[in-house]
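A short write-up of the structure that comes next.
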Amino acid sequence: MKIDWSQIQTVLLDMDGTILDLHFDNHFWLTHLPSVYAKENQISAQQAWEFLQPLLIEHQATLNWYCVNFWSEQLGLDIMQHKNDVAHKIAYRPAAEFFLQHCQQQVSDFRLVTNGHREVLELKIEHTQLDQYFNQMICSHELGWPKEDIQYWQQLQEMSPYDPATTLFVDDSEAVLDTAKEYGIGHVFSIAQPDSTKQRDKPSKHPMIEKFETHLS
């Protein structure tokens, strides 16, 4: 299924796993952070992961999960400093910049909508200059809800009105896409391979973008 640009007036794009390769985030949370925590606490990486995994699961789909300040306090680590240490892994997904340029040409209302913390967004802007493409860049913390919650979409509408029926939304999270669809977003697309180093566990029930190149017309 291709994007029908004639029906689109607003474009909302996720950042991690959609525009940017999710490999950076997966590497940080699943490999780098357990290693750092293990070293700081003089335990094995396996022991560190056994401690971290339940915490991550507990706070999944909440603002805490995406909050660097929360995790810095919980773990006694400077999360942003450690993200900086592996920032060389921040990268666009294939052809993402062509897709961003195309979106700019198609609509006047073009927004980045990320659950990521503002400090993380600024780090990624530093390495990609992705801010040049968008009219607005909105972090969920500033709306008080993550995208997984229907109240996020209500707050987004109140902040800057748009017509859900003529809105394109692209995200790699099934839970987020489900909520967007429930809210009434008319054109909802998933990403076939958010992390360039591995395949999805299972297909999305939403239309999936396999290559951005196929949606440039």
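The values are calculated or read from the model by the stated rules, or taken from the named source; none is laboratory data. Quick caveat: nothing in here was measured; it's all calculated off a predicted structure. Quick reminder, even Gly has a Cβ in these numbers, built from the backbone with ideal geometry, and neighbours come from all protein chains shown.
Determine the pairs where a residue that is farther than 14 Å from Y66 by Cβ, located within the range 102-125, has a partner that is in a helix (DSSP H, G or I) with Cβ atoms under 7 Å apart, the partner being 6 or more residues away or on another chain.
From the range 102-125, the pairs are Q106/W5; F110/C103; F110/Q104; I125/D131.
Given the residues T62, T18, T10, which is the only one that is surrounded by 15 or more Cβ atoms within 10 Å (Cβ to Cβ), within 30 Å of W153 (Cα to Cα) and at pLDDT below 95?
Working: T18 fails: at pLDDT below 95; T10 fails: at pLDDT below 95.
Answer to the selection: T62.
Only strands (runs of 3 or more DSSP E) wholly contained in the range 84-189 count here; list those with 3 or more residues that are over 21 Å from D21 (Cα atoms) and more than 18 Å from the chain's Cα centre (by Cα).
Values: elements: 109-114, 136-139, 167-170.
Those strands (runs of 3 or more DSSP E) do not exist here; none qualify.
Q42: exposed (fewer than 13 other Cβ atoms within 10 Å of the Cβ), within 26 Å of Q193 (Cα to Cα), modelled with pLDDT of 95 or more and over 19 Å from the mean Cα position of the chain (by Cα), yes or no?
On the way: exposed (fewer than 13 other Cβ atoms within 10 Å of the Cβ): yes; within 26 Å of Q193 (Cα to Cα): no; modelled with pLDDT of 95 or more: yes; over 19 Å from the mean Cα position of the chain (by Cα): yes.
The answer is no for Q42.
From the set of residues in the range 187-215 that are small (G, A, S) and surrounded by fewer than 18 Cβ atoms within 10 Å (Cβ to Cβ), which is farthest from I150 (Cα to Cα)?
Filtering the range 187-215 for residues small (G, A, S) gives 190, 192, 196, 204.
Still in the running and surrounded by fewer than 18 Cβ atoms within 10 Å (Cβ to Cβ): 192, 196.
Details: A192: 24, S196: 30 Å.
Looking at residues that are small (G, A, S) and surrounded by fewer than 18 Cβ atoms within 10 Å (Cβ to Cβ), I get S196.
Among (1) free of Cβ contacts under 8 Å to residues at least 40 places away in the same chain; (2) not assigned by TED's automatic domain parsing to the domain that holds L123, which single condition is L77 missing?
So L77 meets the others, but not (1).
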